[in-house]
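J.: Okay, here's the structure, questions in a sec.
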Amino acid sequence: MFTFSEKSLRYQEQLSAFMDEHIYPREKEYEEQLNAAEDRFSYLPIMEELKSKAKAVGLWNLFIPPSLAEFSEHGGLSNLDYAPLAETMGRVLWSPEVFNCNAPDTGNMEVFMKYATPAQRDQWLIPLLNGDIRSSYAMTEPQVASSDATNIELGIKQEGDEWVLNGRKWFITGAPYERCRIFIVMGKSDPDNPNRHQQQTQVLVPRDTPGLEVIRPLTTLGYDDAPIGHAELRFDNVRVPLANVLLGEGRGFEIAQGRLGPGRIHHCMRLIGSAQRALELACRRVTTRTTFGRELSQHQSVREDIAKSFSEIEMMRLLVLKTCQRMDEVGAKAAMELIAASKTSVPVMAQIIIDRCMQMHGAGGLTADYPMAEAFNYARWCRQADGPDQVHLMALGKQIIRRYSES
């Protein structure tokens, strides 16, 4: 059994109460403000209000692990302690931003904490920790299979005292958002290096840099994920100072690997919350609808689907908690087997559970009247985000075969 710290238990109670008081009752208002906005990727007044309330009660930057606790008065939670909090936030997909715990900013803030210079932290990390600005992480490209990160082609060349960037990126989360002010961009600075993992460099590109163009927002299964969104970008002779490099030339792949591990498991945590809420809504639904002379809840097939969904959520939760505990004990790199197992299992299982719950809601389950359709979309794109299933399964299978064939 997993034991949470007193700090985590206190945060769990506070967060659940905050969700009950401020988030669930205002979901409709949030959607109304979003749909009424002249620009769907603009900052919503309700978000500013809710962020102020969350910060005032200390529900802020909860994702920050103990090893990085020096950067914020809040957080300081282990992966295991943070998991139930992220699960609760995952019940309403836009709520993580209220607590400054939304992707991609959590991962980007960790990048700044781990790899940035003091000057870079002062300029970008502090306003990110305060929730004053947002950020993007630009790695995926449209013209290459970016599941192999060494394939990326965006050029980063040194000219005098500047880096010059040329190329394209897409599905860059947060890029269309009005408050996005900084891009962490990964490109190829040394394409002829015989070590394929030292060809890449990451540099910081402010949004207003000449030559950086947000071409268009992109959708996933028709959802634009506004206001944060995803976008296609073009870099046309974008110039930034040499001081904008992160960690050092040729160390981009190293940063990427350090960033993605925790982010993958954060998505899994939130997906459990999405699936759990879908199950709860389905249980209420089947006791209020009648077919063929009896409640839906009396039909055997409905009961079986409810039972399977409950069991699968418990399995997901246990796997994620075990993964978190392992990460706390040995670090993300040494826990990659369990991270890969979670990354490839939880989104698929959540997708199946949410689909069942949509079905129990009839045609209404497909609409925005309920959260399931958007949650289904979230589960589906998580199977691509931070690396597609096939890449993680290939790596995990290789490790498992080696372990047992050599024993």
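J.: Looking at (1) crowded, with 20+ Cβ neighbours inside 10 Å; (2) more than 21 Å from the chain's Cα centre (by Cα), can you tell me which one Gly397 breaks?
T.: Here Gly397 clears every test but (1).
J.: Condition check: more than 23 Å from the chain's Cα centre (by Cα) and surrounded by fewer than 19 Cβ atoms within 10 Å (Cβ to Cβ). Does Gln158 satisfy that?
T.: Working: more than 23 Å from the chain's Cα centre (by Cα): yes; surrounded by fewer than 19 Cβ atoms within 10 Å (Cβ to Cβ): yes.
Answer is yes for this residue.
J.: Considering only residues that are in a loop (DSSP other than H, G, I, E, B) and in contact (Cβ under 8 Å) with a residue 12 or more places away in the chain, which ones fall in region 192-203? So that I can check it myself, show each step before the final result.
T.: Of region 192-203, the ones in a loop (DSSP other than H, G, I, E, B) are 192-195, 199.
Once the filter is applied, which keeps residues that are in a loop (DSSP other than H, G, I, E, B) and in contact (Cβ under 8 Å) with a residue 12 or more places away in the chain, region 192-203 yields Asn193, Gln199.
J.: Next question. How about region 262-306: which of its residues are modelled with pLDDT under 95 and in contact with a Gly (Cβ under 6 Å, 6 or more places away or on another chain)?
T.: Residue satisfying the conditions is Gly263 alone.
J.: Exactly one condition in (1) over 30 Å from Glu31 (Cβ atoms); (2) in contact with a strand residue (DSSP E or B) (Cβ under 9 Å, 6 or more places away or on another chain); (3) in a loop (DSSP other than H, G, I, E, B) is false for Val144; which is it?
T.: (2)
For (1) among the β-branched types (Val, Ile, Thr); (2) touching a Phe, Trp or Tyr at 6+ places or on another chain (Cβ under 6 Å); (3) assigned by TED's automatic domain parsing to the domain that holds Arg259; (4) modelled with pLDDT of 95 or more, each residue gets a yes or a no:
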position: Ser345; (1), (2), (3), (4): no, no, yes, yes
position: Ala363; (1), (2), (3), (4): no, no, yes, yes
position: Leu366; (1), (2), (3), (4): no, no, yes, yes
position: Phe376; (1), (2), (3), (4): no, no, yes, yes
position: Val391; (1), (2), (3), (4): yes, no, yes, no
position: Ile400; (1), (2), (3), (4): yes, no, yes, yes
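J.: Kindly indicate whether any position in region 307-330 is in the same structural domain as Gly258 (by TED's automatic domain parsing), buried (at least 19 other Cβ atoms within 10 Å of the Cβ) and not in a helix (DSSP H, G or I).
T.: Checked region 307-330: no residue is in the same structural domain as Gly258 (by TED's automatic domain parsing), buried (at least 19 other Cβ atoms within 10 Å of the Cβ) and not in a helix (DSSP H, G or I).
J.: Here's a follow-up. Working carefully through the options Ser42, Ser67, Ser16, Ser52, find the one that is of a type in the set (Ser, Thr, Tyr), more than 21 Å from the chain's Cα centre (by Cα) and not assigned by TED's automatic domain parsing to the domain that holds Ala175. Explain how you work it out, then say what you get.
T.: Numbers: Ser42 fails: more than 21 Å from the chain's Cα centre (by Cα); Ser67 fails: more than 21 Å from the chain's Cα centre (by Cα); Ser16 fails: more than 21 Å from the chain's Cα centre (by Cα).
It is Ser52.
J.: With the condition kept exactly as written, say whether any residue in region 317-327 is over 26 Å from Leu80 (Cβ atoms), touching a residue at least 24 places away in the same chain (Cβ under 8 Å) and of a type in the set (A, V, I, L, M).
T.: Within region 317-327, the first condition is being over 26 Å from Leu80 (Cβ atoms), and the residues that meet it are none.
Within region 317-327, not a single residue is over 26 Å from Leu80 (Cβ atoms), touching a residue at least 24 places away in the same chain (Cβ under 8 Å) and of a type in the set (A, V, I, L, M).
J.: On to the next question. Name the residues in region 157-189 that are assigned to a strand (DSSP E or B), of a type in the set (A, V, I, L, M) and within 30 Å of Asn100 (Cβ to Cβ), would you? Steps first, please.
T.: Start the filter on region 157-189 by keeping residues that are assigned to a strand (DSSP E or B), which leaves 157-159, 162-173, 180-188.
Okay, now just the ones that are also of a type in the set (A, V, I, L, M), so 164-165, 172, 182, 184-186.
Within region 157-189, Leu165, Ile172, Ile182, Ile184, Val185, Met186 meet the criteria.
The values are calculated or read from the model by the stated rules, or taken from the named source; none is laboratory data. Keep in mind it's a predicted model, so treat the numbers as computed, not measured. Please note: Cβ atoms are built from the backbone with ideal geometry, for glycine as well, and neighbour counts cover all protein chains shown.
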